[in-house]
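Heads up: the structure comes next, in structure tokens.
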Amino acid sequence: MNGAESLVATLVDQGVDICFANPGTSEMHFLAALENPKMRSVLCLFEGVATGAADGWYRMKDTPASTLLHLGPGLANGLANIHNAKRASSGMVNIIGEHSRAHLKYDPPLSSDIEGLARPLSHWVRRADSASAIAWDAAMAVAKASEHPGQIATLILPGDTSWQDAGTPVVQQRSVVAHKAPDAARIAHVARVLRSGEPTLIILANKATRGAALERAGRVAAATGARLGSQFFSARIERGAGRVPIERIPYAVAQAGAFLKDFKHIVTVETKEPIAFFSYPDKPSLLKPEGTLVHTLVEADEDSALAFDMLLDMLGATATRPVLQARVSTPVPTGALNPLSVAHALAAALPENCILVDESLTTGRESMGHTMGAAPHDLINNMGGSIGYGTPLATGAALACPDRRVFCMVGDGSAMYTIQSLWTQAREGLNITTIIFANNSYAILKAEYALMGAGTPGARALSMIDIDRPRIDWQAMAKSMGVPAVAVDTAEAFHKAMVDSVREPGPLLIEVRL
């Protein structure tokens, strides 16, 4: 068994059984090792697709995937979506190929400081300098990636380590993911805040927006009158009919300030107090009003479900039941496409138990409020703000949950960053409906231009925001990569296209012409 075979065998043994790969010459032995029948390998045509797909896999499975990237430049190509994954607390194991040690001394063209590239966005970085120790290195990488919150682990694989004999691997036992218990005194303090009856918002994030933690948070809200909220962007929320509803803090500073102005207390769960996404002239960075008190209930590495259990016990409310979201039947809209009709079409079309990946930025921004009462579904947002995450993340989510339909809403500007995802979706036969909002511009930047107080954009500024010369042919783009495509220009046609996409397996692209 060589080093690469030892590495792949260890990844599988530690529970990492998928690799999103974009290999090069230095990774050929690892590529050969992917013949291991227990490891699924998925080819991605751009490294940002591989890292974004690994993020999507983790968000739906709560276990890390691995990626295979080619040397420092390959890692650099994947960093934007590693940034998004880190912000979303998604664990992943990145395997980065490297020249053999004997070759590095000649400074070949592709040599670079891989550790220097990896460290700012990794929690753990190691160079595997011995084939015999690589199993241990791999197990440590998986253990780190599997922590709560999820971590980014980067293992650098020199060519000679990959092809040399590994001997008999020495591997530690698979790590058990542990969530720390919250501090009882902190829980008691929040209980006193909630008993005060003063207006309180509990902001949920990460694991607290789903499962047992969300249900118990709903019980706390029902018992105390506190409201439940989330940041504008969340890693994953279980929402829709029959689930505990969460209010979304608005994106824009003025609207967020208006939403928060009446709260005396903000209680944070696996997150921090709300801040503006950007700094704007003469506008605050902190969104809460002066005098609002912030209290931590659950730190990022703690167990939210346990915290809410403790809180319910202290409140004497263990028998309280949560108020669940009622099903709202939305009529199919007709007529022109606009943010409201898009939202109504989406609410009417979403099938039960689907996954909704949102990178719509402008057109779909109103959709979340209007889909609260839709069929139960999971919502995924971009936590890091680096665009081009939507279609890769949908790819990973669909692989993680092959029995669920994935809807991916993305603006045309954002989609062009990682459109290669469509090829992988076609190759793997993934059940993904990609919705491209084609307004032929970076519409979000037009809004930000005004918010920044930069005045009225001139012709040159507008030329850097519009992407209509030439106009992107989305149907041709999709079909060239093996994905069927349709274009719609009315609300009723948009709804029909979404409903039709669920009836046939495999990917489909819908161009929404605005």
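The values are calculated or read from the model by the stated rules, or taken from the named source; none is laboratory data. Given the structure is predicted, the values throughout are model-derived calculations rather than measurements. In this analysis, Cβ positions are derived from the backbone assuming ideal geometry, glycine residues included, and neighbour counts consider all displayed protein chains.
Within the bounds of segment 250-264, is there any residue that is touching a Gly at 6+ places or on another chain (Cβ under 8 Å), surrounded by fewer than 20 Cβ atoms within 10 Å (Cβ to Cβ) and either assigned by TED's automatic domain parsing to the domain that holds residue 146 or modelled with pLDDT under 95 (or both)? For segment 250-264, residues touching a Gly at 6+ places or on another chain (Cβ under 8 Å), surrounded by fewer than 20 Cβ atoms within 10 Å (Cβ to Cβ) and either assigned by TED's automatic domain parsing to the domain that holds residue 146 or modelled with pLDDT under 95 (or both): absent. Inspect segment 282-290 for any residue being closer than 29 Å to residue 320 by Cα and in a loop (DSSP other than H, G, I, E, B) and give the result as yes or no. Looking through segment 282-290, none of the residues is closer than 29 Å to residue 320 by Cα and in a loop (DSSP other than H, G, I, E, B). Flag: residue 51 matches the condition of being buried (at least 18 other Cβ atoms within 10 Å of the Cβ), out of contact with any His (no Cβ under 6 Å at 6 or more places or on another chain) and closer than 29 Å to residue 357 by Cβ. Only a single criterion out of (1) among the small types (Gly, Ala, Ser); (2) within 30 Å of residue 352 (Cβ to Cβ); (3) assigned to a strand (DSSP E or B) is not satisfied by residue 153, namely (2). Cβ separations smaller than 7 Å between residues 6+ apart or across chains give the following pairs from segment 372-394 residues that are at positive phi to residues that are of a type in the set (A, V, I, L, M) and at pLDDT 95 or above: 388/80.
Any residue at all in segment 405-416 that's farther than 22 Å from residue 239 by Cα and out of contact with any Phe, Trp or Tyr (no Cβ under 9 Å at 6 or more places or on another chain)?
Among the residues of segment 405-416, at least one is farther than 22 Å from residue 239 by Cα and out of contact with any Phe, Trp or Tyr (no Cβ under 9 Å at 6 or more places or on another chain), which makes the answer yes.
Scanning segment 82-94 for residues that are assigned to a helix (DSSP H, G or I) and not hydrophobic (A, V, I, L, M, F, W, C), we see that the one that is surrounded by the most Cβ atoms within 10 Å (Cβ to Cβ) is 84.
Of the helices (runs of 4 or more DSSP H) lying entirely inside segment 1-81, the ones with 1 or more residues being of a type in the set (Val, Ile, Thr) and in contact (Cβ under 8 Å) with a residue 40 or more places away in the chain are found at 3-13, 47-61. The set of residues from segment 492-512 being surrounded by fewer than 17 Cβ atoms within 10 Å (Cβ to Cβ), of a type in the set (Gly, Ala, Ser) and part of a helix (DSSP H, G or I) is empty. Across segment 265-296, the qualifying residues are those that are hydrophobic (A, V, I, L, M, F, W, C), more than 23 Å from residue 364 (Cβ to Cβ) and surrounded by fewer than 19 Cβ atoms within 10 Å (Cβ to Cβ), and the one among them that is nearest to the chain's Cα centre (by Cα) is 286.
For residue 212, the conditions (1) crowded, with 24+ Cβ neighbours inside 10 Å; (2) within 21 Å of the chain's Cα centre (by Cα); (3) among the hydrophobic types (A, V, I, L, M, F, W, C); (4) not in a strand (DSSP E or B) all hold with the exception of (1). Taken over segment 110-130, the criterion of being under 28 Å from residue 169 (Cβ atoms) and either among the charged types (D, E, K, R) or not in a helix (DSSP H, G or I) (or both) is satisfied by 115, 119, 122, 123, 124, 125, 126, 127, 128, 129, 130. Of all positions in segment 55-66, at least one carries a residue that is outside the structural domain of residue 272 (by TED's automatic domain parsing), within 20 Å of the chain's Cα centre (by Cα), surrounded by 20 or more Cβ atoms within 10 Å (Cβ to Cβ) and among the acidic types (Asp, Glu).
Answer with yes or no whether residue 270 is closer than 25 Å to residue 385 by Cβ, among the acidic types (Asp, Glu) and in contact with a helix residue (DSSP H, G or I) (Cβ under 8 Å, 6 or more places away or on another chain).
So residue 270 passes the test.
Screening residue 42 with (1) modelled with pLDDT of 95 or more; (2) more than 15 Å from residue 394 (Cα to Cα) gives one miss only, at (2). Looking only at segment 463-491, residues that are under 19 Å from residue 345 (Cβ atoms) and either surrounded by 16 or more Cβ atoms within 10 Å (Cβ to Cβ) or of a type in the set (Lys, Arg) (or both) come to 7 in all. Within segment 339-357, if we keep just the residues that are out of contact with any Pro (no Cβ under 6 Å at 6 or more places or on another chain) and assigned to a helix (DSSP H, G or I), the residue that is farthest from residue 434 (Cα to Cα) turns out to be 340. Looking at residue 331, is it surrounded by fewer than 17 Cβ atoms within 10 Å (Cβ to Cβ), closer than 30 Å to residue 349 by Cβ and not assigned by TED's automatic domain parsing to the domain that holds residue 226? Yes.
Among the residues of segment 218-249, those that are among the hydrophobic types (A, V, I, L, M, F, W, C), touching a Pro at 6+ places or on another chain (Cβ under 8 Å), closer than 19 Å to residue 308 by Cα and not in a strand (DSSP E or B) comprise 221, 222, 244. Is it fair to say residue 235 is surrounded by fewer than 23 Cβ atoms within 10 Å (Cβ to Cβ) and modelled with pLDDT of 95 or more? Criteria not met by residue 235.
In segment 126-165, the qualifying residues are those that are closer than 16 Å to residue 64 by Cα and in contact with an Asp or Glu (Cβ under 7 Å, 6 or more places away or on another chain), and the one that is surrounded by the most Cβ atoms within 10 Å (Cβ to Cβ) is 155.
Conditions (1) assigned by TED's automatic domain parsing to the domain that holds residue 18; (2) in contact with a Pro (Cβ under 7 Å, 6 or more places away or on another chain); (3) of a type in the set (A, V, I, L, M), marked per residue:
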| site | (1), (2), (3) |
| --- | --- |
| 71 | yes, no, yes |
| 76 | yes, no, yes |
| 81 | yes, yes, no |
| 110 | yes, yes, yes |
| 115 | yes, no, no |
| 121 | yes, no, yes |
